[in-house]
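> Following this message is one structure expressed as structure tokens.
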């Protein structure tokens, strides 16, 4: 179980923690084409343990799942991969860093310099990520509480990647630049019994500041946030300090999903509207959710990503 006052060990903690039930390496990138069109990509590798520990070959209790997506203002394209641990089809090594499932990869000489690749039926991307800021630790030094009952995870991010590369779309190849945010999280605790989903925001403001905020929906919603200064200095905010309010829903994949939000953090004079660049960013994968790039207007204009789970499952 995650415990307070974690002592992280890098680069080892960039790698897997097979004694924990769930873990992910999660990248979202806000990109701009040469003609100014906003776009986004997602690259995610999930690890799930059937039992603690690792073993060779088909006796491995680790199961891997990959999700990747490309989002443009007029389309959302996604794909999914599965693999069993122990046979080389998927995995993560900490140094040099390498995360892969089949031919999808996130790899580089270290965590600060990565190449990210994925392909779908009619799309692909090949992107270079270079960090220009420090790692960020959420909650209490990386111990992130998720409910009033004490569910928690270990959670840190690298939100300071600069990105350049290419997207291959059905109609053309696009040169892109932008920024990316990588989340690392692991735990052995599911959501609380009364929680049925979450709304997660990673926002990068024109000022250079950033915000991670989430709302876990339950009998009583539970919120948490991290304010990140341009130099990486952080302030953690407890339950109730950050709020996210839907401003209406639209039908996506037969479900009513909120794709416009009002987010507030009074301590930072934040009151902003978050709007999807396309409503259709539905991940039609084994675990259904919405994930896509957003624009931010109001007190703190900028860009970001929004993930929403538990809508109409």
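> Here's a check for you: in the range 34-47, which residue that is in contact (Cβ under 8 Å) with a residue 40 or more places away in the chain and surrounded by 18 or more Cβ atoms within 10 Å (Cβ to Cβ) is farthest from residue 179 (Cα to Cα)?
Only one residue tops the list, namely 47.
> Just for the range 138-159: of the residues that are at pLDDT 95 or above and on the phi > 0 side of the Ramachandran plot, which one is farthest from the chain's Cα centre (by Cα)?
Of everything passing the filter in the range 138-159, 141 is farthest from the chain's Cα centre (by Cα).
> Let me ask something additional. Filter the range 113-136 down to the residues that are more than 23 Å from residue 214 (Cβ to Cβ), touching a residue at least 40 places away in the same chain (Cβ under 8 Å) and outside any strand (DSSP E or B) and list them by number.
120, 121, 122, 123
> With (1) closer than 24 Å to residue 32 by Cα; (2) at pLDDT 95 or above as the list, and residue 171 as the residue in question, which single condition is left unmet?
(2)
> I need the full set of residues from the range 82-101 which are crowded, with 19+ Cβ neighbours inside 10 Å and either under 20 Å from the mean Cα position of the chain (by Cα) or over 25 Å from residue 290 (Cα atoms) (or both), in order please. Show your work before the answer.
Taking the range 82-101 as the starting set, the residues that turn out to be crowded, with 19+ Cβ neighbours inside 10 Å are 83, 85, 90-92, 97, 99-101.
If the condition is that a residue be crowded, with 19+ Cβ neighbours inside 10 Å and either under 20 Å from the mean Cα position of the chain (by Cα) or over 25 Å from residue 290 (Cα atoms) (or both), then 85, 90, 91, 92, 97, 99, 100, 101 are the ones that fit.
> Could you list all residues from the range 63-92 that are under 27 Å from residue 18 (Cβ atoms) and not in a strand (DSSP E or B)?
85, 86, 87, 88, 89
> Only residues that are over 20 Å from the mean Cα position of the chain (by Cα) and not in a strand (DSSP E or B): list them for the range 239-265, please.
Of everything in the range 239-265, those that are over 20 Å from the mean Cα position of the chain (by Cα) and not in a strand (DSSP E or B) turn out to be 239, 240, 241, 247, 248, 253, 254.
> When the residues of the range 4-23 are filtered to those that are within 16 Å of the chain's Cα centre (by Cα) and farther than 22 Å from residue 109 by Cβ, which remaining residue is surrounded by the most Cβ atoms within 10 Å (Cβ to Cβ)?
Applying the first criterion (within 16 Å of the chain's Cα centre (by Cα)) to the range 4-23 yields 14, 22-23.
Cutting the leftovers down to farther than 22 Å from residue 109 by Cβ gives us 22-23.
Working: 22: 16, 23: 24.
Among those residues, the one meeting the criterion is 23.
> Let me confirm something: among 205, 201, which residue is farther than 27 Å from residue 120 by Cα, at pLDDT 95 or above, within 19 Å of the chain's Cα centre (by Cα) and crowded, with 19+ Cβ neighbours inside 10 Å?
Details: 201 fails: farther than 27 Å from residue 120 by Cα.
Just a single option satisfies the conditions, and that option is 205.
> Between a first residue in the range 83-107 that is free of Cβ contacts under 8 Å to residues at least 60 places away in the same chain and at positive phi and a second residue that is in a strand (DSSP E or B) and buried (at least 17 other Cβ atoms within 10 Å of the Cβ), which pairs have beta carbons less than 8 Å apart while being 6 or more apart in sequence or on different chains?
From the range 83-107, the pairs are 86/62; 102/66; 102/81; 102/83; 102/90.
The values are calculated or read from the model by the stated rules, or taken from the named source; none is laboratory data. Everything numeric in this text was worked out from a predicted model, so none of it was measured. Quick reminder, even Gly has a Cβ in these numbers, built from the backbone with ideal geometry, and neighbours come from all protein chains shown.
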